[in-house]
Each structure stands twice: as C-alpha cells, then as structure tokens.
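Step one of this worksheet: look at the structure below.
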Amino acid sequence: MISFIENTLRKYKQIIFTKTIAIYAICAINSFGSFCTILAINLMVQKKYGNTALSISWLISSLSIAAFSRNAARSISDFNLQLIYIILQIILAINVFILSINFNLFQIYFFLSISSYLSAISSSIFRDFISKNVEENKIILVFQKMGGITTSIMSIAPIIGAYLAAKLGFNVLLIIDSLSFFISGFIFILVFGISNINSYCHTNLFQILKIFLTETLKSYIDLCKANRMKLKSQDISFKILKNYWYLFLFSGAFINIIEFPLFNQRNLSIQEVGYILTSWGLGNLIVIFLNEKASKKINVFISTIFFSISIIISFISTNFITMCIFFLIGGFFYTVISGNIKGNLQINIPENTSSIELWAHLSQRMSIINISVFTFSALIFKLNNINYLIFILILFLFILLIFSYELISKKQRKTIS
C-alpha cells in the first residue's frame, strides 16, 4: 500500500518539483510553521504565566536541542534515515497539535522539550539529504538561499501570525505548524521517495527510541564533563571554518539580545521597530535572487567586513533611516556568510564523519552558545547598561574579521569561496 502511494506520487513529481525546489519548499513551509509556534508560545506563556516562565520555556528548548549529540546521530545512521525523517515529521505534527490544546505550564514545557529535541534530529537528517542530493559546486548557493528563505519568513511570519492570533486565537498558529509538518513530509515523499521501502519492516522503532534515550543521557553527562564534544579534524581549513562559525553564532546571539533593548533606549515607536526589522528581512530576501556566479564572487572576508561595519553603524546610530539602511545591508551579508560557511563545512567535512554527525554536533554547539549568551546577558542587564553588550559584540566582530582573513589565505585553505 505504501509502495503504491509512493509510486503514484512520484509519477507526477517532475511536473511540480525538482529536488532543489523541493528543498526550498520544505525549508519555507517548516520555517513558517516553526515561527508560528515560536510566536504562539511567546504570546501564550507570557500572557498566562509571565516573563520568567517564558525564559524557562526557551531554556528548556535549548537544552533539548543540546541533547542530540554526534553519538546519537552516528547510532541512527545505519537505519533508513528517509523513513525516520517521515516518522519524525508525523510525530512532530501530532506533538505540536497536542500543544494547541489548553494545558498547564508544565505540560507545555514537556511537549516543547519533545518538539525541540525531535526538530534537532529532523533538521540534521534533512541537511544530510541536501549533501546527498545537491551537486558539491552548488551546495553553498543552496545553503545561502535556504538562509534567505528562513530569515525572510522570520520577518513575515510574525506579522501574519499576530493577525491570525488576534482574529482566531493563539492555538491556530500551532495548528498551522502541525499542518506544515504533514505538507513538508508529503513533498519529501513526492520528490525523494523512501529508498528500500520494504526495509521499514527492519527499522526497529523501539531500538531507535532506546538509542535516542541512551545517547540523550550520555549527552547531558558529556555536557557536564565537557567530554566527547570535539569534532576532530587535522585539516586546518576545517578548524578555522568551525571556529569562525562558532564566533559567528556568538555574534548573532548577541545581536538578538541587544536589538530590542537598544530600540527601547532609542525611544523608537513600534512602527519604526517594524520597519527596521523589515529592512533586515529585505536584506535576507535579496540573497534568494543570487545566482551561482554572484555567490562565488562574494567571499567570506569581504562579507564579514560589510556585515561588521553595518551592524556597528546600526547599533551606534540614533538616526532611524540610517538604522534601516544598515540593517538591510547587515541582513544581506549575514545570510551570505551563514550559507557560505554552512556549505563549506559540508564540503570540507572530516573523514570518518557523516553529514548527519556534523549537523548534530553544530546544532548542539549552537544551543550551548545561545544558553551561554542568554545567561550572560541576563546578568549584564541587571547593570542597566547595554553599552557593555555592544562593546562585547564589537570585540566578537573584530575577532570574526581576523578569522575571515585566515579563511581566504591561500596557505590555510583548500577552496573557500
């Protein structure tokens, strides 16, 4: 029955989607649904339980993402990953739908932790498929366009979501996210299918669940011990890429933390804040229209210079128009850098390391960085001086610039475009 449905759908896939378009479509649909859930939980938890409860909810989410380690990724790589991906999409859809029912705070925390953990697994598997279905010379461009799609939707989703929440209630946003998992799963089957469909009989779901639970426990122990966390490589290019990526994530986290308190300090109206954030989104959107030739001409060093300058001017300036212009420039180069580094990390992946292990590791580190920055910033905010955070951000951007120069030096790279 499953084989018949799959074959019927795949007869018509070329009429609707190519593999690249399917990747962009799945990215767009899941991103919109995800941002709807983020908005819904922000609104629901803050309104019913306050800011402290909201902070705890996102701390739980970050810790859940950190639980998916390289070891868990390695352990499931022998199974049918396509089937696991589809099953995860279905479970996530059901889980988010359950969240739309009125639960108490602790039940929200529980389902949110499940959703965050499974999403980390699902996104790592999806990126693994990208590496297997996209030509190596196009991977950087695909990651850049995916970044442009995601961040553009991040700017649009809150506007649509806020309108729907006001008219229909918070729960409808969660239902939209639930539907997004079914739709993206349908597109995935339509275009990529499920290889060796008969092998689903040999995919022991209880064994996979046991692996997830065991490796999650080990991962938390490793986090405490700072053990088994390193992604080892003898390649100097990969080491610099990886360190650059961590610094870039730190910079991004600080930007997220600083921007709204800064807007408040500048006494900007809600409308002006909306225009500034839309400018960032427009910068992200422009990246979608880059072709392969243009993408290769914008190297990491040049991108980092423009990104750093635009962010510094945006945060120092008190002029609304200036902030809008440089937020647009910053948004463009942020997405270009993100796609460039992700693509190059995939291309320069160490030997004996699978793609899914790489993305599981990077996802884990990203959540640890977010937790660290959020915790540190909370302590700084008690001093009531945002200038400390701006100084730290400028310091990170300066170090980032040094690493970007190292990335393009001929002595310490293979091929970094």
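Applying the condition of being of a type in the set (Ser, Thr, Tyr) and under 17 Å from GLN364 (Cβ atoms) to region 76-114 and asking which residue is modelled with the lowest pLDDT yields SER77. In region 354-393, the residue that is modelled with the lowest pLDDT out of those that are assigned to a loop (DSSP other than H, G, I, E, B) and open to solvent by 20 Å² or more (accessible area, probe 1.4 Å) is LEU383. Among the candidates ILE108, ILE125, ILE156, the residue that is under 21 Å from the mean Cα position of the chain (by Cα), in contact (Cβ under 8 Å) with a residue 24 or more places away in the chain, crowded, with 19+ Cβ neighbours inside 10 Å and part of a helix (DSSP H, G or I) is uniquely ILE125. Among the conditions (1) in a helix (DSSP H, G or I); (2) modelled with pLDDT under 80, TYR334 misses just one, which is (2). What are the residues in region 82-105 that are more than 18 Å from ILE175 (Cβ to Cβ) and touching a residue at least 12 places away in the same chain (Cβ under 8 Å), if any? The answer is GLN82, LEU83, ILE84, TYR85, ILE86, ILE87, LEU88, LEU105.
Just to be sure before I move on: is ILE149 of a type in the set (A, V, I, L, M), over 24 Å from ILE60 (Cβ atoms), surrounded by 22 or more Cβ atoms within 10 Å (Cβ to Cβ) and in contact (Cβ under 8 Å) with a residue 40 or more places away in the chain in the structure I sent? Spelling it out, ILE149 is indeed of a type in the set (A, V, I, L, M), over 24 Å from ILE60 (Cβ atoms), surrounded by 22 or more Cβ atoms within 10 Å (Cβ to Cβ) and in contact (Cβ under 8 Å) with a residue 40 or more places away in the chain.
Within region 262-290, the set of residues being in contact (Cβ under 8 Å) with a residue 24 or more places away in the chain and either assigned to a loop (DSSP other than H, G, I, E, B) or among the acidic types (Asp, Glu) (or both) comprises ARG266, LEU268, GLU272, ILE288, LEU290. Here PHE68, PHE4 are screened, and the one residue that is more than 20 Å from the chain's Cα centre (by Cα) and modelled with pLDDT under 70 is PHE4. Considering region 269-286 alone, what residues qualify as being in contact with a Phe, Trp or Tyr (Cβ under 7 Å, 6 or more places away or on another chain) and under 22 Å from ASN319 (Cβ atoms)? Listed by number, the residues that qualify are GLU272, VAL273, ILE276, SER279, TRP280, GLY283. Might you check whether a residue that is open to solvent by less than 10 Å² (accessible area, probe 1.4 Å), farther than 16 Å from ILE38 by Cβ and more than 21 Å from the chain's Cα centre (by Cα) occurs anywhere in region 193-200? Yes - at least one qualifying residue is present in region 193-200. For region 308-346, the tally of residues that are under 19 Å from the mean Cα position of the chain (by Cα) and either open to solvent by less than 10 Å² (accessible area, probe 1.4 Å) or not basic (Lys, Arg) (or both) stands at 16. Could you go through region 128-144 and let me know if any residue there is buried (at least 18 other Cβ atoms within 10 Å of the Cβ), over 21 Å from ASN95 (Cβ atoms) and under 14 Å from the mean Cα position of the chain (by Cα). Yes, region 128-144 has at least one match. Filtered by the rule that a residue be touching a Ser or Thr at 6+ places or on another chain (Cβ under 7 Å) and open to solvent by 20 Å² or more (accessible area, probe 1.4 Å), region 238-255 gives a lone residue, LYS239. In region 115-138, the residue that is modelled with the lowest pLDDT out of those that are among the acidic types (Asp, Glu) and more than 21 Å from ILE84 (Cβ to Cβ) is GLU136.
The values are calculated or read from the model by the stated rules, or taken from the named source; none is laboratory data. Note that the structure is a prediction, hence the values are computed from the model and not measured. Cβ coordinates were reconstructed from backbone atoms using ideal geometry, including for glycine residues, and neighbour counts include every protein chain displayed. SASA here: full protein model, heavy atoms, side chains in, ligands and nucleic acids out. Shrake-Rupley method; radii C 1.70, N 1.55, O 1.52, S 1.80 Å.
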